[in-house]
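Structure, as structure tokens:
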Amino acid sequence: MIPFNKPPFTGNEEQYILSSIKSSKISGDGEFTKRCHKWFEERLGCKKALLTTSCTHALEMAAILLDIQEGDEVIMPSYTFVSTANAFVLRGAKIVFVDIRPDTLNIDETKIEEAITTKTRAIVPVHYAGVGCEMDTIMDIASRHNLFVVEDAAQGMMSSYKGKALGTIGHFGAFSFHETKNYTSAGEGGLLIINDEKFIQRAEIIREKGTNRSLFFRGMVDKYSWVDIGSSYLPNDVSAAYLWGGLEKADEINDNRLSSWQKYYDKLQELENDGMIELPTIPDGCVQNAHMFYLKVKDLDERTALLDEFKKENIWAVFHYVPLHSAPAGVKYGRFSGVDEFTTKESERLVRLPMYYGLSNDEIDTVCNVIKKFYGK
Ligand SMILES: *Cc1c(COP(=O)(O)O)cnc(C)c1O
């Protein structure tokens, strides 16, 4: 059996979790959380990093910080996870979906401007598969129309666009440490990156149930009280201890994934040259993190047949994202701007291959042989 995913485990997590437990400070913002914050601020080069309980919650925090109100519009691709939209729908926003580019499956930056109305407040680019969206264009549109940019960088840890870490380019960046992502904090977790200093203090308050507790701990106010809306968005320190085990080996994990990605690519290139399949594109200026290895087949029927072959061989290859605009809640809370030229078509052709830290050469061979056999090679 070849699983689709294995949560990253480097070996030091057990020791760190134990040490967190023994410190008797296992609630939020303990020693391991502080270490992680510092690592992100230095490594990504951002003003402020705040661990959250999930990427979903990091996105919710961004929506609260932007004061998204009933009737505001937020632009994003339809080819994404539900949380990208839900975070803004929870504040009453209408979601305006824009088509994706067929090469990266990221939002098509050339179609954003025509989706903007007087109600538009924010653009939410999703860095699909950890490959950067065309951020120069997106930031230019945002500044000309006075819009905020929230990067859904759930899949993008360790990736960059023109030398800048994903998540550090827009006003906010949201990352996921779910077990299916490149780095995990014991299964569920996330991170909010704040790139505009004016949001930092309020972000700390919203994350701490709407109280100024973190100012209190820093001795900046003499009692802490309820000052704003908020929720409990900070994770326990035991989760951060697990994450620290991964961050310490961040380059090793990244290199290992990139090497698996390249092996898939090299072994499948012949099929692409023969016009049977399409392989991912990494645009110039983008450095990726091998979050995903996907290929695109001819159509939905061919994908169903290929997935059946994988199932027979006990290999867990998957597809994902029923485009949000065609899902029941997407119909209710959103609208598609322009024509769906690629979103549905590309989503039906996509197959994700097993990808995780520690994937072996033999496993990669086995997976590729199923594909080659399927195409008669
Ligand atoms: C995984 C993912 C999320 C949600 O992350 P959680 O940490 O599970 O909340 C959001 N957006 C995208 C694009 C994702 O891949």
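For the stretch 236-377, the square roots of the Cα gyration tensor eigenvalues, ordered a ≥ b ≥ c, give a/c of at least 1.5 with a/b no greater than b/c, which places it in the oblate category. With the convex hull constructed from alpha-carbon coordinates only, the stretch 100-209 shows a mean projected area of 8.0 nm² over all directions. Overall shape: oblate for the chain, with the ratio a/c of the largest to smallest alpha carbon gyration tensor axis at 1.5 or above and b/c at least equal to a/b. Cβ-Cβ distance of Glu197 and Arg144, R₀ of 22 Å, FRET efficiency by 1/(1 + (r/R0)^6): the value works out to about 0.45.
Partner lysines whose Cα lies under 19 Å from the Cα of Lys332, excluding those fewer than 8 positions away in the same chain, are identified as Lys94, Lys119.
The mean sequence separation of alpha-carbon pairs under 8 Å and at least six residues apart, normalised by the residue count of the chain, gives a relative contact order of 24 percent. Each of Ser159, Ser337, Ser231 was scored by other Cβ atoms within 10 Å of its Cβ. Arranged with the fewest first, they read Ser231, Ser337, Ser159. Could you check how many percent of all C-alpha pairs in the stretch 53-103 are farther apart than 15 Å? Beyond 15 Å sits 44 percent of the P(r) for the stretch 53-103. Normalised radius of gyration (Cα atoms, divided by 2.2 N^0.38 Å) for the stretch 238-315: 1.42. With 0.36 nm allotted per residue and the present C-alpha distance subtracted, the Glu41-Glu14 stretch has 7.2 nm of extension available.
Toward the positive end of the charge dipole of the chain, with +1 on the Cβ of Lys and Arg and -1 on the Cβ of Asp and Glu, the farthest Cα among Ala115, Met157, Leu295 is that of Met157. What is the stretch 1-52 by shape, rounded, prolate or oblate, if you read a ≥ b ≥ c off the alpha carbon gyration tensor as root eigenvalues and call it rounded for a/c under 1.5, prolate for a/b larger than b/c, and oblate otherwise? Here the stretch 1-52 falls in the oblate category. Here the simple spin-label model places points 7 Å from the Cα toward Cβ, and for Tyr265 and Lys373 these points are separated by 2.7 nm. Determine the percent antiparallel among the DSSP beta bridges restricted to the chain, to the nearest 5. Here the share of antiparallel DSSP bridges comes out near 55 percent. Taking the centroid of alpha carbons for each part, the stretch 310-368 and the stretch 37-90 are 23 Å apart.
With coordinates expressed along the principal axes, the C-alpha atoms belonging to the stretch 165-299 extend over 69, 28, 27 Å, beginning with the largest. The order of Phe217, Phe342, going from fewest to most other C-beta atoms within 10 Å of their C-beta, is Phe217, Phe342. For the pair Asp136 and Lys162, label points projected 7 Å from Cα toward Cβ lie 0.4 nm apart. Each Lys and Arg adds +1 at its Cβ and each Asp and Glu adds -1 at its Cβ; summed about the Cα centre, the stretch 1-80 shows a dipole of about 580 debye.
Coordinate-derived values only; no laboratory data. Keep in mind the model is a prediction, meaning the values are calculated, not measured. Heads up, the Cβs are rebuilt from the backbone with ideal geometry, glycines too, and the neighbour counts pull from every protein chain shown.
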